[in-house]
Amino acid sequence: MKRILVINANPKSHSMCKSIAEHYSRVAGLKHDLKSIEIADMNFELNLNEGYDKVLPLEPDLLKFQQMLQWCDHVVIISPVWWGNIPAKFKGVIDRTFLPGFAFKYKDEKGGIEKLLIGRTSELIITLDTPPFWYKYVQGNLIYKQLKNAVLGFSGIKNVTSTYFGPVVSSTEHMREKWLQKVQKLANNI
């Protein structure tokens, strides 16, 4: 039995991401210990006016996010692509919580780091309004590169799979049902 954290990174109250997160959680929750986070429900200061030069105390929702991330063995991030990347509110969560001393620490003045979230795995489930092929091979697949390499990999979380659904904007009910069937398979295979 794994400890799974499902993150719906879409700040909208109703979305395909929310449907995917709920479906994944129902299925995986039958076999695993599962917790979920809705970015839409989180309240915190989004902006780091002084970057990391001035410590901004973490609000309760961000502290809870960090606790859940430390608790889990496997994190599932379900995010839409907005302007080629993750939504600003989810970026704000990352900026505010993946901090030195939590996600990584500097080993020396030359920029060497120690990854502090080693031992966890992740999977990405991405929704978009462009065809996945176009996004990945023409537009450069920025969301994957940012999350897999610059965030998760940098802190020691190994991404094991990435799944893309789109275009959502022109999808039919039949297509969305097929996507949820794929989500069910993903959740069953964890």
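Since every read-out is calculated from the coordinates, none of them should be taken as a lab result. Everything quoted here is computed from the prediction, not taken from an experiment. Neighbour counts are summed over all protein chains in view; Cβ atoms, including those assigned to glycine, are modelled from backbone coordinates with ideal geometry.
Some notes on this structure:
- For Ile86, residues with placed amide H under 5 Å, excluding near neighbours: none
- Restricting segment 90-170 to GluC sites (Glu not before Pro) in coil, as DSSP defines it, with at most 10 other Cβ within 10 Å: Glu109
- When DSSP beta bridges are restricted to pairs lying wholly in the chain, around 15% turn out antiparallel.
- Where only DSSP H runs of four or more residues are counted, the chain gives -9000 deg cm²/dmol as its mean residue ellipticity at 222 nm, each run worth -39500 (n - 2.57).
- Crossing angle, helix 173-188 versus the chain [Cα axis fit, 0-90 degrees, rounded to tens]: 50 degrees
- Of the trypsin sites (Lys or Arg not before Pro) found in segment 99-189, those in coil by DSSP whose Cβ has at most 13 other Cβ atoms within 10 Å are Lys107, Lys110.
- Loop GluC sites (Glu not before Pro), segment 33-90 (other Cβ atoms within 10 Å of the site Cβ: 15 or fewer; DSSP): Glu45, Glu50
- For the set Lys18/Lys182; Lys145/Lys178; Lys12/Lys178, the pairs lying more than 20 angstrom apart at their alpha carbons are Lys145/Lys178; Lys12/Lys178.
- Distance-filtered residues of segment 146-190 - backbone nitrogen under 15 Å, label point 7 angstrom along His32 Cα→Cβ: 157-163, 183-190
- For Asn159, the amide hydrogen comes within under 5 Å of the amide hydrogens of Ser122, counting only partners 5 or more places away or on other chains and with H modelled in the peptide plane.
- 0 to 90° range, to nearest 10: angle between helix 60-71 axis and the chain longest Cα axis: 80 degrees
- Dipole magnitude for the chain: computed about the Cα centre from +1 point charges on Lys and Arg Cβ and -1 point charges on Asp and Glu Cβ, it is near 620 debye.
- Relative to the dominant Cα principal axis of the chain, helix 88-97 is inclined by about 40°.
- Build a GNM of the chain with springs between Cα atoms under 10 Å apart, and of Trp134, Trp71, Trp82 the one that fluctuates most is Trp134.
- Span from the segment 115-150 Cα centroid across to the segment 39-75 one, whole angstrom: 21 Å
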